[in-house]
Each structure stands twice: as C-alpha cells, then as structure tokens.
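Participant: Handing you a structure now.
Just so it is clear, none of the values below were taken in a lab; they were calculated from the coordinates. Keep in mind it's a predicted model, so treat the numbers as computed, not measured. Please note: Cβ atoms are built from the backbone with ideal geometry, for glycine as well, and neighbour counts cover all protein chains shown.
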C-alpha cells in the first residue's frame, strides 16, 4: 500500500480533529426570547411574577414553566402539517401550505433539567433546555 493511502487510513482511524466549543449554560428568566421550528414569529417566555426566586428582579424559570398561553405565548402562525388547523386549511387550499394561528400544545416539561438546583421544588430552567410541541415543533431559547 502506498504511503499516501496509509496516511489517509491513519487519519480516518484517528477521527476528525474538530475543536469543540463548550456550551455555556445560563439560568433563564421571564422575558427571554424563544423560537419554534414551525412558528413564524419569535415569542418570549413568561415566568409569573409571583416566583420567589429572582435575579436582578427577573423571576427565574423552572422546567414546569411550560403552560401554553400562560408561560408559552403563540409563535405567530404555525406551519406544521401535524397541526389539524394547518392540515385542514392546506387541504382546502388544494395542497398549498396554509399556515394557521399557533396554539402551542406542550405535553412534557423543558428538558434536559438542571437537577442540582431547584426553583420552587422543580429543576431550574437553562438556556440549553428545549420543549416539544405536540404538533412537532421544537421550542428553544434563543437569547
């Protein structure tokens, strides 16, 4: 085998030398911006002002701050065909995708949780957490 092919083989066996940048985890409070993969507009997290844990006067979130229209406002228009309203409007429009108003349906808490710090008996919410909408959207924190 030529030295050229030996070098390639060795490089493949070693794997790529890709620098990995660490993800900085931050606590998340009311007003942080979010996006949904099927939504057409950003939205802001709402942590109720009665929350006793605050940083700089901003109520901090926990993984149970997931209630639609309370903690998770709509993301404008929804483009998911798993949303029955979008599917019906698209069918009525002869197959042309027709977005409809977003109504988040959140079956489970934010994940992954920060289990070593509790806020009102629930794991703290971090900027790396995500929510799944029942219509297929992934909701994530963007700032």
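Participant: What angle, in degrees between 0 and 90 and rounded to the nearest 10, separates the Cα long axis of helix 3-14 from the longest principal axis of the Cα atoms of the chain?
Facilitator: With rounding to tens, the tilt is 30 degrees.
Participant: Work out the FRET efficiency for residue 115 and residue 70 from their Cβ-Cβ distance, taking R0 = 41 Å, and round it to the nearest 0.05.
Facilitator: 0.95
Participant: Need one word for segment 77-143: rounded, prolate or oblate. Basis is the Cα gyration tensor (sqrt eigenvalues a ≥ b ≥ c); a/c below 1.5 gives rounded, then a/b vs b/c decides.
Facilitator: prolate
Participant: Give the peptides 67-74, 22-29 in descending order of average Cβ contacts within 10 Å, highest first.
Facilitator: Sorting 67-74, 22-29 by mean packing, highest first, produces 67-74, 22-29.
Participant: Which of rounded, prolate, oblate describes the chain, given a ≥ b ≥ c as roots of the alpha-carbon gyration tensor eigenvalues and a/c under 1.5 marking rounded, otherwise prolate only if a/b is larger than b/c?
Facilitator: Taking the square roots of the gyration eigenvalues as a ≥ b ≥ c, the chain is oblate.
Participant: Separate question: What number, in percent, do you get for the relative contact order of the chain if the mean sequence gap of Cα pairs under 8 Å and at least 6 apart is divided by its residue count?
Facilitator: Relative contact order for the chain comes out at 26 percent.
Participant: What distance in nm separates the two pseudo spin-label positions at residue 105 and residue 25, each 7 Å out from Cα along the beta-carbon direction?
Facilitator: Inter-label distance under the simple model: 3.1 nm.
Participant: Here's something else I'd like to know. Determine the gain in length on full extension of the stretch residue 81-residue 33; use 0.36 nm per residue of separation and subtract their C-alpha separation, reporting nm with one decimal.
Facilitator: 14.8 nm
Participant: Just grab the label-to-label distance for residue 134 and residue 93, each label 7 Å out from Cα along the Cβ direction, in nm (one decimal).
Facilitator: 2.4
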